[in-house]
Amino acid sequence: MKQFLPLVLVSAFFLTSCHNKPTAGVDATFEKQLQEQFINAKEGDVIELPAGTYTLNRSLILDKVKNITVRGKGSDKTILNFKGQKDGAEGLRITADGIVMEDFAVLDPKGDCIKVQDATNVTFRRLRVGWTSLHDPKNGSYGTYPVGCTNVLIEDCEVFGSSDAGVYVGQSKNVIVRKCHVHDNVAGIEIENCTDAEVTDNLSEGNTGGVLVFDLPELPKKNGMRCRVANNKIINNNTQNFGVKGTTVAEIPAGTGIIAMATNFCDIANNEISGQNTIGVSIVSYLSLQKPFKDSIYDPYCGGITVHDNKITRGSGSPDNAVTFGQLFIGIFGDKIPDIIYDGEINPAYRNNDGTLKDEQRICVHNNGNVTFSNLDMAHKGQNRSSDASKFDCSLTPLEPIKLNQ
């Protein structure tokens, strides 16, 4: 016979995490108590989430309180399900320094799964977040979504179903994304307008595009730089693009491994990039999107990019011609798109007084095995397009490891 605890005992029950048996379905009492824990949290608190599957109707919000840990019993044991959410957009919305989130799942919110904004020392660890209806344009944009943050660690997470980017980090500084499994998103991992980031030892598969390092105009923080993308498995990212029309990622062709766009000082090294039907690695300026912008201090060009010691093999399917980038590549190459493409656009500010390119702004491509390459020379409308990769056989100063200071 089911027993009902008085409210005060229910509160103590959850606070002390003595709930060992999974509980399924809608639980208004659980939601009320959890909301109270978030609202009343004090610095240094640990919010323990018991095992079970719980359907929640409104966002969980943590605001302006430091050093909180939200901890479940495992990403397959503690499941917060927001399907049918009535209030708020995100599953969790956090503006709090020192936040640690670990060992639980967030599924099917109306908007993003977990958004953390303007915070320092942010940890996502062993989480499972996403949408169970895969490849649906009605899904939220981002799974993990730190923006405007400093010292961000995302590790050992599974992220899926996002209509924009699964693991997204925007306008942030000192970022590590490692050992995550991202699948069935439009973009698997996206680093956007960030300074000092590492994307290492992840598995990105079954997305439209595997890893994107972008810099976009018209944002408060721009001209991101220094991103290392290394030791990842980027495999079979051939899912048809289901992004919202008008967004940047909606222009990514299915079958994309890595895109570096309008960013500086990016090291792409020692990755397995296999099974993509359109392209392995592309280095392009924002100009390639042919979208106007009015941001006077935005740098739309790539510089200081090195692509080296990667293992790149193509998929067996046809390139995607449904979006801008795919149409551009197919228009030039047909169905034989090179493994690595550089658009050839160069910021005049990257040149020395004698017209030569500054050493630190070179594009370097070497030791990637038997791959095909093309410099599109878009700066001169393709007049000097070349497949000679020897002109890009150079190396750049390695990036320093990221120190999070957490």
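The values are calculated or read from the model by the stated rules, or taken from the named source; none is laboratory data. In this text the structure is predicted, and so the values were computed from the model without any measurement. Please note: Cβ atoms are built from the backbone with ideal geometry, for glycine as well, and neighbour counts cover all protein chains shown. Accessible surface areas use protein heavy atoms only, side chains included; no ligands, DNA or RNA. Shrake-Rupley method; radii C 1.70, N 1.55, O 1.52, S 1.80 Å.
Observations
- Tally, over the stretch 244-277, of residues that are modelled with pLDDT under 95 and over 20 Å from residue 193 (Cα atoms): 2
- Sole exception among (1) under 23 Å from the mean Cα position of the chain (by Cα); (2) of a type in the set (Ser, Thr, Tyr); (3) modelled with pLDDT under 95 for residue 296, by number: (1)
- Just one of the listed residues (254, 260) is of a type in the set (A, V, I, L, M) and under 14 Å from residue 208 (Cα atoms), and it is 254.
- Residues of the stretch 225-233 include at least one that is in a strand (DSSP E or B), in contact with a strand residue (DSSP E or B) (Cβ under 9 Å, 6 or more places away or on another chain), at pLDDT 95 or above and farther than 30 Å from residue 296 by Cα.
- Among the residues examined, residue 70 does not qualify as surrounded by fewer than 20 Cβ atoms within 10 Å (Cβ to Cβ), at pLDDT 95 or above, within 18 Å of residue 143 (Cβ to Cβ) and of a type outside the set (D, E, K, R).
- The residue that is most open to solvent (accessible area, probe 1.4 Å), among those in the stretch 175-187 that are of a type outside the set (A, V, I, L, M, F, W, C) and within 22 Å of residue 404 (Cβ to Cβ), is 179.
- Qualifying residue in the stretch 73-84 (condition: part of a loop (DSSP other than H, G, I, E, B), under 19 Å from the mean Cα position of the chain (by Cα) and in contact (Cβ under 8 Å) with a residue 60 or more places away in the chain): no
- Here the stretch 30-67 is the region considered, the condition is being surrounded by fewer than 20 Cβ atoms within 10 Å (Cβ to Cβ) and within 26 Å of the chain's Cα centre (by Cα), and the residue that is nearest to residue 126 (Cα to Cα) is 67.
- Meets criteria (within 26 Å of residue 218 (Cβ to Cβ), modelled with pLDDT of 95 or more, touching a strand residue (DSSP E or B) at 6+ places or on another chain (Cβ under 9 Å) and not basic (Lys, Arg)) for residue 175: yes
- Of all residues in the stretch 197-224, those being among the aliphatic types (A, V, I, L, M), touching a strand residue (DSSP E or B) at 6+ places or on another chain (Cβ under 6 Å) and surrounded by fewer than 19 Cβ atoms within 10 Å (Cβ to Cβ) number 1.
- Taking each residue of the stretch 27-53 that is more than 16 Å from residue 100 (Cα to Cα) and looking for partners that are in a loop (DSSP other than H, G, I, E, B) and open to solvent by 50 Å² or more (accessible area, probe 1.4 Å) with beta-carbon atoms closer than 6 Å, six or more apart or interchain, yields 51/22; 51/73; 51/77; 52/22; 53/24.
- Only one of the listed residues (249, 229, 284) is of a type in the set (A, V, I, L, M), over 17 Å from the mean Cα position of the chain (by Cα) and open to solvent by less than 10 Å² (accessible area, probe 1.4 Å). That residue is 284.
- Verdict on residue 366 being farther than 16 Å from residue 259 by Cβ, touching a Phe, Trp or Tyr at 6+ places or on another chain (Cβ under 9 Å) and surrounded by 14 or more Cβ atoms within 10 Å (Cβ to Cβ): yes
- Selection within the stretch 73-91 - out of contact with any Ser or Thr (no Cβ under 7 Å at 6 or more places or on another chain), open to solvent by less than 40 Å² (accessible area, probe 1.4 Å) and at pLDDT 95 or above: 74, 75, 78, 80, 82
- Filtered by the rule that a residue be in contact (Cβ under 8 Å) with a residue 40 or more places away in the chain, part of a helix (DSSP H, G or I) and over 14 Å from residue 361 (Cα atoms), the stretch 383-405 gives a lone residue, 389.
- When residues of the stretch 376-406 are limited to those that are open to solvent by 90 Å² or more (accessible area, probe 1.4 Å) and acidic (Asp, Glu), the one farthest from residue 345 (Cα to Cα): 400
- Some residue of the stretch 196-210 being under 21 Å from residue 251 (Cα atoms) and of a type in the set (A, V, I, L, M): no
- Residue in the stretch 176-221 that is nearest to residue 265 (Cα to Cα), counting only those that are touching a residue at least 40 places away in the same chain (Cβ under 8 Å), not hydrophobic (A, V, I, L, M, F, W, C) and not in a loop (DSSP other than H, G, I, E, B): 196
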